[in-house]
Every structure is written in C-alpha cells, then in structure tokens.
Amino acid sequence: NIDIKLFLVGTGDTLEEIKKLVIQKKLEDNIVFLGQFDDMKSFVSSMDIMLLPSLYEGLPLVSVEWQINGVESILSDRVTQECIYTGTVQQLSIDSMELWEKEILNLSTSDRERVSLQNIQLIKNAGYDISLEVKEIEELYNSLYDIAN
C-alpha cells in the first residue's frame, strides 16, 4: 500500500486511450493529467521519480534536466542512450511493465541533493554548460570583429 500520485505531462496519440483506462480502473484520485507544461524546472524539482515510457523519442533534453536535478528516472529502451550521463537513469524495456513497476517501487530519493551536485558536474563534462557556450560564442564574435576591422 504505497501512496503514489502520477502526473502525466504532455500529449500524444494514446492520451484519450489512457484517460479512458484511468476511469475504467478508478484511478482518478491517483493520476493527474497536466497536458503541456511550460515550467518544467519547478515541476521536476518537486518530483521523486520521472518516467519517460516513450515509444518514439529522439534526444529528450528533459532527461538531462532530470539528471541535473538529481531525480531518479526510468526511460524506455526506445529512448537513445545519448541522453544518459549519470547513474540516476535506468532504461527498461517498454514491453515489460512489471519491470517498471518493480523499479518504481525500489527507487530511493533520500540523497537527492548530493546526487544533483554530482550530476551537474557530469552533465557539464558532457558539454551541456551554457556559460562555456556563451564564452565560445563571445570569442567567435570577437575574432570576427577583429577580422572585419
């Protein structure tokens, strides 16, 4: 008897089917449909576990945001491994909901602040650092300015 609240963010081809299933299973008190959500940063920081059970996905930068926040997450095996930089991400078969259920129940969030700080460094090392990007663009503009003058 674990108290779990599921927030579904976004839309997709299966949204109406999922809504019908929620009603059929009488899970309206446990599942909240948020639709499109603009303020993901504050949303993510308040979650314990993030799930991305996608059937089709390119490079989900949202997974990088989750890792920076130290949030444990589970991605489907259909998601590219290029977005996995830390140990807070697991990839599971989209065809095995039993595995997903087991991992969701096993995940721990007790040391999230430490994990978040470690993940920030790992993500920066992987090239996702806006301050470095700004510096590189500034240097490029300066060199172009010097050439033009």
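Observations on the structure shown:
- Net charge of neighbours whose Cβ lies under 13 Å from the Cβ of Leu55, counting Lys and Arg as +1 and Asp and Glu as -1: -4
- Debye, to nearest 20: dipole size of the chain, +1 on Lys, Arg Cβ, -1 on Asp, Glu Cβ: 400
- Values of log10 I(q)/I(0), in the order q = 0.14 Å⁻¹, for the chain under a Debye, Cα-only, solvent-free model: -0.77
- Look at the dipole of the chain built from charges on Cβ: of Tyr56, Ser45, Val32, the Cα furthest out on the positive end belongs to Val32.
- Note on segment 1-54: percent of Cα-Cα distances in each 10 Å bin, starting at 0 and stopping at the bin with the largest distance, equals 20, 53, 26, 1.
- Given charges at beta-carbon only (K, R positive; D, E negative), |dipole| of segment 62-149 in Debye: 180
- Net charge of neighbours whose Cβ lies under 14 Å from the Cβ of Ser93, counting Lys and Arg as +1 and Asp and Glu as -1: -3
- Most fluctuating residue given options Ile49, Ile120, Ile94, as computed from a GNM of the chain linking Cα atoms under 10 Å: Ile94
- Sequence-distant aspartates and glutamates (8 or more away, or on other chains) whose Cα lies within less than 18 Å of Lys20: Glu28, Asp29
Values quoted throughout were computed directly from the atomic coordinates according to the rules given, and no laboratory measurement underlies them. This one's a predicted model, so the numbers in the text were calculated from it and none came from an experiment. Neighbour counts run over all protein chains shown; Cβ positions are idealised from the backbone, glycine included.
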